[in-house]
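Okay, so here's the structure we're looking at.
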2 protein chains.
Amino acid sequence: MMLAAAVSAAEVPVTTVLVVLAAILIAAKALGELAERFGQPAVVGELLAGVLLGPSILGLVDPGLPVLHVLAEIGVLILLFHIGLETDLRRLLSVGGAAATVALVGVVLPFGLGYVVATQLGLPALPALVVGASLTATSVGITARVLADLGRLQERESQVVLGAAVLDDIVGLIILAVVAQIVGGATLSVGSVALITAIAFGFVAAALLVGRLAVPPVFGALARLGSEQALATFALALAFLTAVLADRVGSALIIGAFTAGLAFAPTVHAPAIERGVVRLGHFFVPIFFVSVGAAVDIRTFGESRVIITGLALVVVGVVGKVAAGYAPFWFKGRKAVIGVGMVPRGEVGLIFAQTGRTAGVLDPGLYAAITFMVIVTTLLAPPLLKRMLGPARGRPSGDRPGELVHEA
Amino acid sequence: MMLAAAVSAAEVPVTTVLVVLAAILIAAKALGELAERFGQPAVVGELLAGVLLGPSILGLVDPGLPVLHVLAEIGVLILLFHIGLETDLRRLLSVGGAAATVALVGVVLPFGLGYVVATQLGLPALPALVVGASLTATSVGITARVLADLGRLQERESQVVLGAAVLDDIVGLIILAVVAQIVGGATLSVGSVALITAIAFGFVAAALLVGRLAVPPVFGALARLGSEQALATFALALAFLTAVLADRVGSALIIGAFTAGLAFAPTVHAPAIERGVVRLGHFFVPIFFVSVGAAVDIRTFGESRVIITGLALVVVGVVGKVAAGYAPFWFKGRKAVIGVGMVPRGEVGLIFAQTGRTAGVLDPGLYAAITFMVIVTTLLAPPLLKRMLGPARGRPSGDRPGELVHEA
């Protein structure tokens, strides 16, 4: 069976991936539904499934596996595309002032507090800078998913949180670029920072404008020619391409996918596109959250220095974002909900930590403290929001809008 | 932006994969619906989309890309799982004698004829053996997809074709193992061939038995505890694991996935599982067929030796399988439909060719001739079947059983 063995050897990656996928799907669904039994959003169960399957405990899921990374990315893109499809841009803009204020304060305050705490703990300026930066960006994926799990995505407070989370992701990417220049030893020019900023915001505006002009005629013609399924497939493909475009101009994949969703949202085809995307999300979205969980190595949490630094960062991270929720003093609505909604850090915080470690700026203990902050803020916010907002708004099961994020 | 550039560099594979996926989805849907306009099954359009995107013409899709390979494998597994879910094992066994006869004659005749033609064309025994072997296995994926595209999966002739195609895949894998031993210079023992054969057939029987005993109680409990979506996800995860198990014992991934579908088919949960799987198939299945198309390099078809050998193999391949369709002389039904249904070779034929080329037994011209035979038999059968069976049985659009393969 030498040749058969050779064929098997060539297929080893496929079988490995299939086993890993099966483990992810089973653990995510089982712990997701268990979390709901305990009155928690399903995403909490999926993140814990990741911790369980990851290198800290079972070692079944290696988040560095390239195929898994791609599938997880597709998952978060489908999630953000779907969130964009459910978002009314006018309603988002109507709370735009509040969202921008929350985003700005929610970036400046944690960054400053984090820097101060880090230097107080005896860190030099450069690692303190990276620590501060890693506290800035709310995970829009986790926040939106929690709000959708609770059936509250359409409320005014949720719209502020969503808008602010998208904005601080954009700001976070600008900070990442700037911090990278400083870490790299480059001198910082105001012009280059302004250019990065202009590109990041200009992309969203340009994509929305093109989308608004081009989508209705093009998809009207497609709807006459093809099936509903073809329409949904084209829309998803365009969301992928918009995401890639966003990445190429210096923004982020998820911002592009969200923007594509925003562009399709007001068209008559949005419900058909959502139906096509929801079931795909059931498969792909848990892969993303399990990967985020698996990226956290809880074995490093045993050292007292990691715990002390980590807890300090948690306090700073929570206080900074909750205070930001109260910043738009004119906004009529529960500001505590906004603040707590901004608390979860996620993939962007981990990217900062990873970047700092790769560049040699963060030692392993500091890296572990940041991942500790990420996992605690992420797991803290959902039950708090749930307490503040009350039980999940019941939605009938089925292919309804929101089901992806509600039940996945 | 040094660090940001580093982050982008790490993400290059993701963006590349996203662009490739977008191209695949758009081209597959566009050419698939175009094929249906011309009265052809959608799968013909998807295969041609693969040729178009592949290295021969646009060079956008490299079927050797590992991530793409995994996604394509997931696609064919979902397809075969879905076909299994739609298959009534008792009905399949009721035509079991006819199917076994078609499979056996359909393996022996093309193998023998191919060997004779190859030696007549002046080839030594070893490459002639590989050429013969590459003619044996009908592509169960393509055949099942075409029959489903035409809405004929439940007819008696289709059941014979399906049963025979699954059987000759199992036989094909045994031949692959045997040919591999010969190519590797090993002496062939009757005992080892018997063992391979027993394992290949024993796996299906054992998996079905375990499935029949374990699925109803386990999934009954799951249905009481969890959502319909969780049920479908568990079933798909189990199909992946059954596929891996099949591969490990020396059978094939697709046989495992099909067997898992057969095991779930008679349970009350089959419709819920199908609904969960169909939409996933819309995404994954075209990736498989586009990959099959992209694996064919039509630039090599220009040489006269390739064309002559290729055409000879096409004649032998068609005659051998059509004759096999008439072998079960007692079967009441259109035997020509069975024969033509067995004509398409696909992934298994390409695996033989690849194996022979990797082992140095096939020169590039011979390899090209085999891929020519694969693409021609694959593209020949759908329109012929369509002519013989008449227009597609209309099915309403939606998440109905069969929609995956009918409309994907």
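A search for C-beta distances below 7 Å between a residue of region B:370-385 that is more than 12 Å from residue B:47 (Cβ to Cβ) and among the acidic types (Asp, Glu) and any residue that is buried (at least 24 other Cβ atoms within 10 Å of the Cβ) and at pLDDT 85 or above, counting only pairs 6+ apart in sequence or on different chains, returns nothing. Candidates B:200, B:206, B:177, B:165: the one that is within 24 Å of residue B:135 (Cβ to Cβ) and more than 14 Å from every other protein chain (Cβ to nearest Cβ) is B:165. Listed by position, the helices (runs of 4 or more DSSP H) contained in region B:117-192 that have at least 1 residues being over 22 Å from residue B:312 (Cβ atoms) are B:140-149, B:156-183. Checking region A:175-186 against the condition returns a match, with at least one residue being modelled with pLDDT of 80 or more and either more than 16 Å from residue A:334 (Cα to Cα) or not charged (D, E, K, R) (or both). Checking residue A:244 against (1) surrounded by fewer than 24 Cβ atoms within 10 Å (Cβ to Cβ); (2) aliphatic (A, V, I, L, M); (3) touching a residue at least 40 places away in the same chain (Cβ under 8 Å), which single condition isn't satisfied? Of (1) surrounded by fewer than 24 Cβ atoms within 10 Å (Cβ to Cβ); (2) aliphatic (A, V, I, L, M); (3) touching a residue at least 40 places away in the same chain (Cβ under 8 Å), only one is false for residue A:244: (3). Only one entry of A:324, A:336 meets the criterion of being surrounded by fewer than 21 Cβ atoms within 10 Å (Cβ to Cβ), away from chain B (no Cβ under 14 Å) and modelled with pLDDT of 90 or more, and that entry is A:336. Being crowded, with 20+ Cβ neighbours inside 10 Å, touching a His at 6+ places or on another chain (Cβ under 7 Å) and within 20 Å of residue B:79 (Cβ to Cβ) is the requirement here; does residue B:149 meet it? So residue B:149 fits the description; yes.
Checking each residue of region A:316-328 against the condition of being in contact (Cβ under 8 Å) with a residue 12 or more places away in the chain and part of a loop (DSSP other than H, G, I, E, B) gives at least one match.
Taking the numbered list (1) free of Cβ contacts under 8 Å to residues at least 60 places away in the same chain; (2) more than 14 Å from chain B (Cβ to nearest Cβ); (3) in contact with a Gly (Cβ under 8 Å, 6 or more places away or on another chain) in turn, residue A:108 passes all entries but (3).
In region B:41-88, of all residues being in a loop (DSSP other than H, G, I, E, B) and small (Gly, Ala, Ser), the one that is surrounded by the most Cβ atoms within 10 Å (Cβ to Cβ) corresponds to B:54. Inside region A:256-274, residues that are part of a helix (DSSP H, G or I) and out of contact with any Lys or Arg (no Cβ under 8 Å at 6 or more places or on another chain) make up a count of 13.
Of the residues that make up region B:106-116, is at least one crowded, with 19+ Cβ neighbours inside 10 Å and either touching a His at 6+ places or on another chain (Cβ under 7 Å) or outside any helix (DSSP H, G or I) (or both)? No, region B:106-116 has no match at all.
Is it the case that some residue within region A:290-307 is assigned to a loop (DSSP other than H, G, I, E, B), at pLDDT 90 or above and more than 19 Å from the chain's Cα centre (by Cα)?
no
The values are calculated or read from the model by the stated rules, or taken from the named source; none is laboratory data. None of these values were measured; they are calculated from a predicted model. Counting neighbours? That spans all protein chains shown, and the Cβs are built from the backbone with ideal geometry, glycine included.
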